[in-house]
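Each remark here refers to the structure printed beneath this line.
The values are calculated or read from the model by the stated rules, or taken from the named source; none is laboratory data. Bear in mind the structure is a predicted one, so any value in this text is a computation, not a measurement. All Cβ positions, glycine included, derive from the backbone under ideal geometry; neighbour counts span all protein chains shown.
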Amino acid sequence: MTVLNLLCLPYSGASGMVYSRWRRTLPAWLQVRPVELPGRGARMAEPLHTDLQALARQLAGEQRLTASAPYALLGHSLGALVAFELAHELQALGCPAPVALIACGTAAPTRREEYNDAKWRGPRSDAELIDELRSLDGTPEEVLANQELMSLTLPILRADFLLCGRYAYRERAPLCCPLHVLAGEDDRASEEQLQAWRKETAGDFSVHVFPGGHFFIHKHEERVLSVLTELLKPYRPAP
């Protein structure tokens, strides 16, 4: 069966495998391919990145073969920035453009003023990182209180926040693929910050708002996957 590959980039502190359960719900023609970042999951032994552009270049080299077949890119939060930069890096390698870029849970790369990225340009303490996790309301208190688990998670989270804090937007020609934004109505990004993604593509553009905060993709998973399927259905490969 011919499939459309959906390359999924994880959010801060997470493994790419957070998307693996989507395979049970999405149609068979839409193949979820979690992208594991260095330093976590099966790549735990590799050094963590703190330079987002260097990370995107490495991922582009690794995903070059996958990107030779029809594919879409999706990322949530930090993952949306990585997916955006990955699209540009794949283009620089001469790969076909994705059929769509789906940016979830973050403002456009030019409109990150609400995220206080300057605060994260240097390493932050464990307490500050835990406070940030708590404010995002996506991590149970029992997990935050588990010192053993946090000892594994915090170094990854610290590096991921450095990726955001040190990120420097580079103005380039807009992408040519459709760009769809998914957001939580109670998340930090304003309507203007979400709409600012529009300038990053010469293709179709849309914004879809869901109930909930930053982790709406999990709390309203069924609805998110339904919208995702409809957005990608026009690019379903012919049998």
Counting only residues that are crowded, with 21+ Cβ neighbours inside 10 Å and either assigned to a strand (DSSP E or B) or over 18 Å from the mean Cα position of the chain (by Cα) (or both), segment 158-183 contains a total of 5
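Small (Gly, Ala, Ser), assigned to a loop (DSSP other than H, G, I, E, B) and without any contact (Cβ under 8 Å) to a residue 12 or more places away in the chain - does that describe any residue in segment 52-65?
Here is the first cut: in segment 52-65, the residues small (Gly, Ala, Ser) are 54, 56, 60-61.
Restricting the remaining residues to those that are assigned to a loop (DSSP other than H, G, I, E, B) gives none.
No, because not a single residue in segment 52-65 is small (Gly, Ala, Ser), assigned to a loop (DSSP other than H, G, I, E, B) and without any contact (Cβ under 8 Å) to a residue 12 or more places away in the chain.
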What number goes with the only condition from (1) at pLDDT 95 or above; (2) buried (at least 18 other Cβ atoms within 10 Å of the Cβ) that Arg40 does not pass?
-> (1)
Which one of these does Ala72 not meet: (1) modelled with pLDDT of 95 or more; (2) within 21 Å of Arg223 (Cβ to Cβ); (3) in a helix (DSSP H, G or I); (4) small (Gly, Ala, Ser)?
-> (3)
With respect to Pro155, is the statement that it is assigned to a loop (DSSP other than H, G, I, E, B) and modelled with pLDDT of 80 or more true?
-> no
Only one of these conditions is not met by Ala189: (1) in a loop (DSSP other than H, G, I, E, B); (2) modelled with pLDDT of 95 or more; (3) in contact with a strand residue (DSSP E or B) (Cβ under 9 Å, 6 or more places away or on another chain). Which number is it?
-> (2)
What residue, among those in segment 205-219 that are part of a loop (DSSP other than H, G, I, E, B) and within 17 Å of the chain's Cα centre (by Cα), is surrounded by the most Cβ atoms within 10 Å (Cβ to Cβ)?
-> His214
From the list Ala107, Ala103, which residue is at pLDDT 95 or above, surrounded by 18 or more Cβ atoms within 10 Å (Cβ to Cβ) and of a type outside the set (Lys, Arg)?
-> Ala103
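Only one residue in Ala87, Ala83, Ala97 is at pLDDT 95 or above, touching a helix residue (DSSP H, G or I) at 6+ places or on another chain (Cβ under 8 Å), on the phi < 0 side of the Ramachandran plot and among the small types (Gly, Ala, Ser). Which one?
Numbers: Ala87 fails: touching a helix residue (DSSP H, G or I) at 6+ places or on another chain (Cβ under 8 Å); Ala83 fails: touching a helix residue (DSSP H, G or I) at 6+ places or on another chain (Cβ under 8 Å).
The unique qualifying residue is Ala97.
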When you look at Ala202, is it exposed (fewer than 14 other Cβ atoms within 10 Å of the Cβ) and closer than 16 Å to Ala100 by Cα, yes or no?
-> yes
Of (1) of a type in the set (Gly, Ala, Ser); (2) out of contact with any helix residue (DSSP H, G or I) (no Cβ under 7 Å at 6 or more places or on another chain); (3) over 26 Å from Ala196 (Cα atoms), Gly16 fails just (2)
